[in-house]
Each structure stands twice: as structure tokens, then as C-alpha cells.
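Laboratory data are not the source of any read-out in this text; all were calculated from the coordinates shown. Computed from a prediction, not measured in an experiment: that's the story for all the values here. All Cβ positions, glycine included, derive from the backbone under ideal geometry; neighbour counts span all protein chains shown.
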Amino acid sequence: MYEITVDLDRCDGIFACLVRDGRFEEADDGLVTLPDGDRADGELTATFDDDRREAAEQAAAACPVDAIAVTDAGDGSAAADATTEGEP
Ligand code: SF4
């Protein structure tokens with residue numbers, strides 16, 4: 001299981017990523033999106049459990065502004081489950 005994260009503040013709509021991984025698509029606002037992706041606070045996040053992580057990593061490597069990150073997901077639910085209440 002892995003997670004793809006895109007920093008939408010950095011994303012410039014260059015779409016080099018589309019060529020490497022067909023899951024990346026252009027959204028209505030001209031920036032990138034992913035199927036079942038979650039957009040919040042300028043960040044697009046989507047979790048996948050398939051054998052296409054390599055394609056995602058190639059997309060990340062192709063992005064000229066280095067907006068895409070591919071990380072492990074699902075080992076250790078603590079981080080994903082963390083609820084932060086009580087701000088400083
Ligand atoms: S290659 Fe990078 S900058 Fe271009 S659309 Fe994809 S994520 Fe955005």
C-alpha cells in the first residue's frame with residue numbers, strides 16, 4: 001500500500017506526470033488530480049494498493065517542480081489515525 005501526495009502549491013500544470021502514470025489527470029482548475037484523490041489545504045492525497053507504485057514513482061521523478069511524493073501507507077495505523085486536538 002502506498003500513498004501519492006501532490007503539493008498543489010508547487011504543481012504548475014505541466015503534466016509531465018500524465019505521461020508516466022495515466023492515473024494523473026487534469027482537474028477543472030488546471031492542476032493535477034487523481035482518482036479517489038483527496039484535495040485539502042493545497043495538497044492532493046490518494047492511497048493505492050496495487051502494483052503500479054513504480055509508475056507513480058516515475059511520475060514523481062518526471063515532475064519538474066518535484067511536487068509529487070510517493071510514500072508507504074498502511075504500515076502502522078497510528079500515523080493515519082492520529083487526531084490532533086488542542087492546538088498550541
Ligand atoms: S508534472 Fe508536476 S507540476 Fe506537472 S502537473 Fe504533474 S504534478 Fe503538476
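Remarks
- For Ala27, nonlocal amide neighbours, meaning residues 5 or more places apart or on other chains whose placed amide H falls under 5 Å from its own, are Val32, Thr33.
- Taken about its Cα centre, the stretch 2-74 carries a charge dipole of about 220 debye when Lys and Arg each add +1 at the Cβ and Asp and Glu each add -1 at the Cβ.
- Between Met1 and Asp49, the modelled labels are 0.6 nm apart [label points 7 Å from Cα along Cα→Cβ].
- Segments 29-41, 50-62 sorted - mean Cβ within 10 Å per residue, highest first: 50-62, 29-41
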